[in-house]
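> Have a look at this one.
The values are calculated or read from the model by the stated rules, or taken from the named source; none is laboratory data. These numbers come from a predicted model, not from an experiment. Note that we place each Cβ from the backbone using ideal geometry, even for glycine, and neighbour counts take in every protein chain shown.
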Amino acid sequence: DAKTTQPPSMDCAEGRAANLPCNHSTISGNEYVYWYRQIHSQGPQYIIHGLKNNETNEMASLIITEDRKSSTLILPHATLRDTAVYYCIVENYQLIWGAGTKLIIKP
Amino acid sequence: GAVVSQHPSRVICKSGTSVKIECRSLDFQATTMFWYRQFPKKSLMLMATSNEGSKATYEQGVEKDKFLINHASLTLSTLTVTSAHPEDSSFYICSATTDGRSYNEQFFGPGTRLTVL
């Protein structure tokens, strides 16, 4: 079973920051937080991952709370092409996929 | 970089036939490849993990005689669905990882939609 909890869906206005929350209260010390997204009928796309520190790359920022029990993925300037299902995954061996959050970017 | 392709993208076959799906890493050496299955509106389910030159490790409940996986080179893995039946209709996705990257930083192919009539 997935070890994360995400809201099933979210809306965001185009051009605004999209903040996607994820709860992982049972995370253990050596488990990373990974984020992927899947656009309809395509393979998933890796976004970012982190252990303790906040991370940023060209796609997004990942904010992990100090107790590591939750995290937030931030898409700084959402575009219509960011509409997808976003998966937050906590594992150190293999990816276990939950239901994700369906993010809809609205014009 | 880190592009993974799959072929075919879509296949329709008759019940009882076998179907082969290819997964290729185009610009890197894939030390480990993964095969997933995804039913409509459901999340991905890992089927098996394969390392180049060795036998695949199958997840519980996945029949290894039905879903044959071959990872013969560092750039190619194949999944053969043998004696396919309508319940095997699904979206099959492969992914790959390589040395120097986190094991779970996987690069995914575009998927293959299998429909068994």
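> Could you check, for the range A:25-33, whether at least one of its residues is polar (S, T, N, Q), farther than 25 Å from B:Ser90 by Cα and within 13 Å of chain B (Cβ to nearest Cβ)? Spell out how you get there, then give the answer.
Taking the range A:25-33 and keeping what is polar (S, T, N, Q), we get A:25-26, A:28, A:30.
If we keep only those that are farther than 25 Å from B:Ser90 by Cα too, we end up with A:25-26, A:28, A:30.
So of that shortlist, the ones also within 13 Å of chain B (Cβ to nearest Cβ) come out as A:30.
Checking the range A:25-33: at least one residue is polar (S, T, N, Q), farther than 25 Å from B:Ser90 by Cα and within 13 Å of chain B (Cβ to nearest Cβ).
> Just for the range B:1-30: of the residues that are of a type in the set (S, T, N, Q) and surrounded by fewer than 19 Cβ atoms within 10 Å (Cβ to Cβ), which one is modelled with the lowest pLDDT?
Here is the first cut: in the range B:1-30, the residues of a type in the set (S, T, N, Q) are B:5-6, B:9, B:15, B:17-18, B:25, B:29.
Checking the rest, the ones that are also surrounded by fewer than 19 Cβ atoms within 10 Å (Cβ to Cβ) come to B:5, B:9, B:15, B:17-18, B:29.
Values: B:Ser5: 95, B:Ser9: 95, B:Ser15: 96, B:Thr17: 96, B:Ser18: 97, B:Gln29: 89.
That would be B:Gln29.
> What single numbered condition from (1) within 22 Å of A:Trp35 (Cβ to Cβ); (2) polar (S, T, N, Q); (3) not in a loop (DSSP other than H, G, I, E, B) fails to hold for B:Ser77?
Looking at each condition in turn, B:Ser77 falls short on (1).
Okay, residues lined up against (1) of a type in the set (Gly, Ala, Ser); (2) without any contact (Cβ under 8 Å) to a residue 24 or more places away in the chain; (3) within 14 Å of chain A (Cβ to nearest Cβ):
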site	(1), (2), (3)
B:His7	no, no, yes
B:Ser15	yes, no, no
B:Leu26	no, no, yes
B:Phe34	no, no, yes
B:Gln38	no, no, yes
B:Lys41	no, yes, yes
B:Thr49	no, yes, yes
B:Glu59	no, yes, yes
B:Leu74	no, no, no
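> If you take the residues in the range A:23-62 that are of a type in the set (Val, Ile, Thr) and buried (at least 17 other Cβ atoms within 10 Å of the Cβ), which one is farthest from the chain's Cα centre (by Cα)? I'd like the intermediate steps shown before the answer.
First, the residues of the range A:23-62 that are of a type in the set (Val, Ile, Thr): A:26-27, A:33, A:39, A:47-48, A:56.
In the following step, the residues that additionally are buried (at least 17 other Cβ atoms within 10 Å of the Cβ) were identified as A:27, A:33, A:47-48.
Details: A:Ile27: 15, A:Val33: 9, A:Ile47: 8, A:Ile48: 8 Å.
Going through the qualifying residues, I end up with A:Ile27.
> Ok, one more. Given the criteria part of a loop (DSSP other than H, G, I, E, B) and within 14 Å of the chain's Cα centre (by Cα), does A:Leu95 qualify? I'd like the intermediate steps shown before the answer.
Numbers: part of a loop (DSSP other than H, G, I, E, B): yes; within 14 Å of the chain's Cα centre (by Cα): yes.
Yes.
> Next question. Within the range B:76-104, take every residue that is among the small types (Gly, Ala, Ser) and farther than 21 Å from B:Asp27 by Cβ and give me the one that is farthest from the other protein chains (Cβ to nearest Cβ).
Of all residues in the range B:76-104, those among the small types (Gly, Ala, Ser) come to B:77, B:83-84, B:89-90, B:95-96, B:100, B:102.
Then drop every residue that is not farther than 21 Å from B:Asp27 by Cβ, which leaves B:83-84, B:89-90.
Details: B:Ser83: 26, B:Ala84: 20, B:Ser89: 14, B:Ser90: 13 Å.
Checked the range B:76-104; the qualifying residue farthest from the other protein chains (Cβ to nearest Cβ) is B:Ser83.
> Further question on the same structure: Looking only at the range A:76-106, filter to residues that are away from chain B (no Cβ under 14 Å) and basic (Lys, Arg); which one of those is farthest from A:Pro44 (Cα to Cα)? Break it down into steps so the answer makes sense when it comes.
Within the range A:76-106, the subset away from chain B (no Cβ under 14 Å) is A:76-83, A:103-106.
Within this subset, residues satisfying the condition of being basic (Lys, Arg) are A:81, A:106.
Values: A:Arg81: 14, A:Lys106: 21 Å.
If we take residues in the range A:76-106 being away from chain B (no Cβ under 14 Å) and basic (Lys, Arg), then A:Lys106 is farthest from A:Pro44 (Cα to Cα).
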